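The values are calculated or read from the model by the stated rules, or taken from the named source; none is laboratory data. Owing to the predicted nature of the structure, the values given are computational and were not obtained by experimental measurement. All Cβ positions, glycine included, derive from the backbone under ideal geometry; neighbour counts span all protein chains shown. These area figures cover heavy atoms from the full protein model, side chains too; ligands, DNA and RNA do not enter into them. Shrake-Rupley method; radii C 1.70, N 1.55, O 1.52, S 1.80 Å.
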Amino acid sequence: MNLPYNKTIFFSLILLTFLLPLFFIPASTSSFDYHKGLLITVLVAISLFIWIVYSFFKGALIIPRSLLLAVGGFIVATFFVSSFFSEVPLHSLFETGFEIGTASFLLTLFILFFLASVIFQTRSRIFSLYGALFLSSLLVAFIQLSHLLEGFSFFSLGILPNSFSNLIGSPTDFTYFFGSILLLSLMTIEFLPVKRFMVLYILLVVSLFFFLFGARGFPLYMVSIFILFFAVYKIQVSRKVFSVSLFVFVGIMLFAVAGEPVKNVVASVFPGPISVEIRPSWKATFTVGQGVLSEGPLRALLGSGPNTFANQWARFKPAEINATPFWNTNFNTGSGLIPTLVITTGLIGIFWWVIFGGLFLYYGIKAVTTRPRNDHSQYLKISSFVLALYFWILAIVFPVHMVLFAFAFLMTGVFLAVCVQEKIIINRTIFFTNHAQGGLGFTIPLIMIIVSGIAGLYFLTRSLAYSFASNVYFQKGLTVLIEEGKSDAAEEKIAYAARLWPRDIYHRYLAKINLDQLLNVASQNEFSQEEADTQFQAIANLAIGNAKKAVELDTADYRNWYMLGEVYLLLNGFGVQGVLEHARTSIVNAYSLNSTSPVVVLEYARLELALGNREGARSYIENALRMKPDYLDAKFFLSQLEVQE
């Protein structure tokens, strides 16, 4: 297990563990999830390539003999099959390459899980991984504290624009990341003779501060249960009532009872980040799931396709959502990440995820209840299982983002590696060549693998670079449009993003910019009539082309059809002939994909008015107001209609 390839992959995974919470790309306005997704994909792809080459060089594959790996493979296969039957296959397979819900990225995470199970089969390597995680969390905590304290904000590197910003991702992910560090530092203090390592106590206090400051409800009590388990275990082993775990448990319980006044005081000094996650309720998520499963045998078996929850939310969300402040929010995930993935992959996906969870718990219980060889052995079994379980529970209950979900796979692989160490499972060796390593029968296939691997890495890197660059230009275009109001400059940047990596959202924004440009041309008097007509025609063609391209890239997103209908209605208002039928088709399609949206219903009213049907327009306006009685746009439109009458 000490071959050079093994060490190379080991250092790659240690680097990933250390950088994942910290990593960002300077001068990029895109989400940190994009940055971290790029890091994961590149390091995992390089590690896999090295593992394949050197496994071929050895003539054998050495992998843990575990059903958990096999079931993980079936989950990935289900995602790919579901993607091919999706309404938008490319959207489900890849999209930008950094979405958690796509088949390609889930494959990347399962490869990470597999590599961790192979590489971390020695105690020293797992300690190195924990050390990298501790060091990374200390740096994250230092940067966050310096960001919150006046006079020290220069340590935050100018990348955290407000008090809620952090390097992990969302405020919720930040809080729960430090929940995992709290658990790991506490287990290390209790189970290992590390009393002199003051840095662990410092990390314990810091992680406890960040966790208590942001945690509410279920996660607070979940972590408390874990800590109570540590305390009881420590009492049984040492025969001493007092322990650090018991002290921390009592403190958390006291804070849970009287925590809000304390939080308010702390918030006046450290204004963020607070773990407030806007997400659909469990009831709403189940309603969407029932809608997907009821669409026919194919959708029931394979779901709507990975990475398509937002489209299904628009179609099946409960009507009572219109009474909430988030009535027009297009959620990309449900109440939790795993339920979202289950909905998009159907009954087959549900089956394999349940089997995966059951096997994980089986191995975990078996590992924890097996007599340990020594204290280090027990520590590694409990710590790896508890951390993996913690991350998986969060993924079920919350719509976690990149860092926490990646750590769920990484720590599950580490736990499986510990099971190999403890002989709970064994390695399986698969021999696939009997050729002498110097013969042509070995050399030629090896060269082919190396060349194809390098070519694959090149095309993967190239695709990821184009995708990432497109997102950067898109974000810059939005910044120019929103903050500076420069539509021409924004159009140039977003158009370049669309050329690099076509996405429906890029073309939808371009169509919106084109509509604003049409209104601007129509209101100006500095051009001759001929020049104005020529400019109007050119922009109108761009608007139609961009809206049609958005529809072409994702026919299942109502927003694309809505934008196309809006373009045609505006052109009709300027006297362009023959566009109303196209507007009708577009709005009908938008309504079929989001029939509970008062916005779409109001667009129907505008269509009826354009057709000269005032009573039909009034009927649709009233329908929109029944859906959302406080819908101001509908009230304003109705008042305009009454004035005209």
With a point put 7 Å past each Cα toward its Cβ, work out how far residue 237 is from residue 458 in nm, to one decimal. 5.3 nm
Could you give the accessible area per residue of the stretch 41-95, probe 1.4 Å, as a whole number in Å²? 41 Å²
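Averaged per residue, what accessible area in Å² does the stretch 280-377 show with a 1.4 Å probe, protein chains only? List each step's numbers first, then the result.
Working: 4400 Å² over 98 residues.
I get 45 Å² per residue for the stretch 280-377.
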Principal axis lengths of the stretch 291-359 from Cα atoms, whole Å, largest first? 41, 26, 18
On C-alpha positions alone, give me the angle between the axis of helix 218-238 and the longest principal axis of the chain, in degrees, nearest 10. 0 degrees
Restricting to Cα pairs below 8 Å that are 6+ residues apart, what does the relative contact order work out to for the stretch 1-129? Please round to a whole percent. 29 percent
If exposed trypsin sites (Lys or Arg not before Pro) are those in a DSSP loop with at most 10 other Cβ within 10 Å, what is the longest stretch of the chain that has none? 424-645
Given a cut-off of under 8 Å on Cα pairs at least six residues apart, what relative contact order in percent is computed for the chain? 16 percent
Treat every Asp and Glu Cβ in the stretch 47-187 as -1 and every Lys and Arg Cβ as +1, leave all other atoms uncharged, and give the resulting dipole magnitude about the Cα centre to the nearest 20 debye. 720 debye
If the reach is capped at under 12 angstrom between alpha carbons, list the aspartates and glutamates near residue 549, excluding any in the same chain fewer than eight residues apart. 504
Accessible surface ranking that places the most exposed of 430, 365, 396, 227 first, with a 1.4 angstrom probe: 365, 396, 430, 227
With Cα coordinates, the longest principal axis of the chain makes an angle with the long axis of helix 487-500, in degrees rounded to 10, of 50 degrees
For the chain, treating each Cα as an identical point scatterer without solvent, what Debye log10 I(q)/I(0) comes out at q = 0.07 1/Å? -0.54
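What does the C-alpha gyration tensor say about the overall shape of the stretch 1-129? Classify as rounded when a/c is under 1.5, otherwise prolate if a/b is larger than b/c, or oblate.
It comes out oblate by the Cα gyration axes.
State the percentage of accessible surface on the chain attributable to carbon and sulfur atoms; use a 1.4 Å probe and exclude ligands, DNA and RNA.
66 percent
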Amide H of residue 427 versus every other amide H placed in the peptide plane: which residues, excluding those fewer than 5 positions away on the same chain, fall under 5 Å? 65
How about residue 234: which lysines have a C-alpha closer than 18 Å to its C-alpha, ignoring those fewer than 8 places off in the same chain? 195, 381
Sorting 102, 534 on solvent-accessible surface, 1.4 Å probe, most exposed first, gives 534, 102
Any idea what angle helix 4-19 forms with the longest principal axis of the chain, computed on alpha-carbon atoms, 0 to 90 degrees, nearest 10? 60 degrees
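Per residue of the chain, what 222 nm ellipticity follows from adding -39500 (n - 2.57) for every DSSP H run with n ≥ 4, rounded to the nearest 500?
Only helices count here, giving -24500 deg cm²/dmol.
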Taking only C-alpha pairs under 8 Å that are 6+ residues apart, what is the relative contact order of the stretch 542-590 in percent? 37 percent
Residues of the stretch 463-599: accessible area per residue with a 1.4 Å probe, Å²: 47 Å²
Please work out the Cα convex hull volume for the stretch 8-77 and give it in Å³ per residue. 126 Å³
For residue 614 and residue 61 in the same chain, what is the full-extension length gain: residue separation times 0.36 nm, less their Cα-Cα distance, in nm? 191.8 nm
Tell me the net charge near residue 518. Cut-off is 13 Å between Cβ atoms, residue 518 excluded, with +1 for each Lys or Arg and -1 for each Asp or Glu. -3
